[in-house]
Amino acid sequence: MSTMSLKDLNKIPVRLASGHRLCAGCGESIIARQILMGTEKDVVVTCSTGCFEVSTTIFPYTSWKVPYVHTAFGNGAATCAGVETAYKALLKQGKVKEDIRFVNFAGDGATYDIGLQALSGAMERGHNMLFVCLNNEAYMNTGIQRSSATGFGASTTTSWAGSVSAGKKEFPKDMTAIIAAHGVPFAAQTAPHAWRDMITKSQKAFECGGPSFINAISPCPRGWRFAPEETINISKLAVETCIWPLYEVENGTDYTLSAESMRIAEGKVEKKPVTDWIDSQGRYKHLKNEKWEPVVEKLQKENDRKWASLLKLCDL
């Protein structure tokens, strides 16, 4: 599939308007606009409850210029699958003729935790829909509580750092691998600074002919404690430290690295230490204390292990 040129991308209508109430520096609107550039066809959007939903659809206002459904926290995938099924029924009856694509946006809480059952079901049933996780690694909308996507050692309001605690004690679950294990046609990890990679993967996801999943890291200035103007730099650093590798998986087995991650594997870009990641965000500032040096070492060791495992999956 050919990648659209910048000129072609410019012709795609704006599906998410400006004027929403997302925080300054939030990565979610950047990601959503890039994802929606992945198709020129009509799109129906569903959105699980979370930061993105409440900030773009506060009654009586909306930032959406496409058909949009607000779903509950845990049933975003089920709602999107239901709309897709209704569309197929109307197609068979000849009541609609348009070629429509379907996408659900959800935060990590509505993907990794509360919405996992509905997501797994929709993937297993084979609905022709894209599920996008706007992954800011915590329940940001309700007060920065830890989720199972929160990074090891991060301080949140429910995994706080203190004199006897170094923050979150668990490593995040590998949600991309979990969805890939369903054998879906397409799953991928993306980051907002790598916009060509994001849009190309979105194109593949929309046109794969079945269920697809994109896990997009979404830097959060408020929850991660960094200056709003650093969002894109933080996104880039996540990839360069291999905290968030960029890759795709086709049919559950064919792993391929992309963008900077491929260049790191080829030795063209330096793999930076996790201390660079820790130094960039206030949620990890406690780890700079000499007392927590073993925690940092454990994070680096696990990061190296997962990167080596991913290289093997990619036959590198």
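Within region 122-140, being buried (at least 23 other Cβ atoms within 10 Å of the Cβ), assigned to a loop (DSSP other than H, G, I, E, B) and of a type in the set (Gly, Ala, Ser) holds for one residue alone: Ala138. When region 99-109 is filtered for residues that are farther than 11 Å from Ser148 by Cα and either out of contact with any helix residue (DSSP H, G or I) (no Cβ under 9 Å at 6 or more places or on another chain) or among the small types (Gly, Ala, Ser) (or both), the ones remaining, listed by number, are Asp99, Ala106, Gly107. When region 167-209 is filtered for residues that are assigned to a loop (DSSP other than H, G, I, E, B), touching a residue at least 24 places away in the same chain (Cβ under 8 Å), of a type in the set (D, E, K, R) and out of contact with any helix residue (DSSP H, G or I) (no Cβ under 9 Å at 6 or more places or on another chain), only Glu207 remains. Per the listing Ile58, Ile31, the residue uniquely within 19 Å of Ser202 (Cα to Cα) and among the hydrophobic types (A, V, I, L, M, F, W, C) is Ile31. If you go through region 260-282 and pick out every residue that is over 22 Å from the mean Cα position of the chain (by Cα), assigned to a helix (DSSP H, G or I) and surrounded by fewer than 15 Cβ atoms within 10 Å (Cβ to Cβ), you end up with 1. Residues in region 3-34 that are surrounded by fewer than 13 Cβ atoms within 10 Å (Cβ to Cβ), without any contact (Cβ under 8 Å) to a residue 24 or more places away in the chain and either touching a helix residue (DSSP H, G or I) at 6+ places or on another chain (Cβ under 9 Å) or of a type in the set (Lys, Arg) (or both): Lys7 alone. Is it the case that Pro60 is out of contact with any Asp or Glu (no Cβ under 6 Å at 6 or more places or on another chain), at pLDDT 95 or above and more than 17 Å from Leu134 (Cα to Cα)? No.
The set of residues in region 227-248 that are touching a residue at least 60 places away in the same chain (Cβ under 8 Å) and in a loop (DSSP other than H, G, I, E, B) comprises Ala227, Thr241, Cys242, Ile243, Pro245. In region 67-75 there is at least one residue that is polar (S, T, N, Q) and in contact with a helix residue (DSSP H, G or I) (Cβ under 7 Å, 6 or more places away or on another chain). Within the span defined as region 141-157, one or more residues are over 21 Å from Cys23 (Cβ atoms), assigned to a loop (DSSP other than H, G, I, E, B) and under 19 Å from the mean Cα position of the chain (by Cα).
The values are calculated or read from the model by the stated rules, or taken from the named source; none is laboratory data. This one's a predicted model, so the numbers in the text were calculated from it and none came from an experiment. Neighbour counts run over all protein chains shown; Cβ positions are idealised from the backbone, glycine included.
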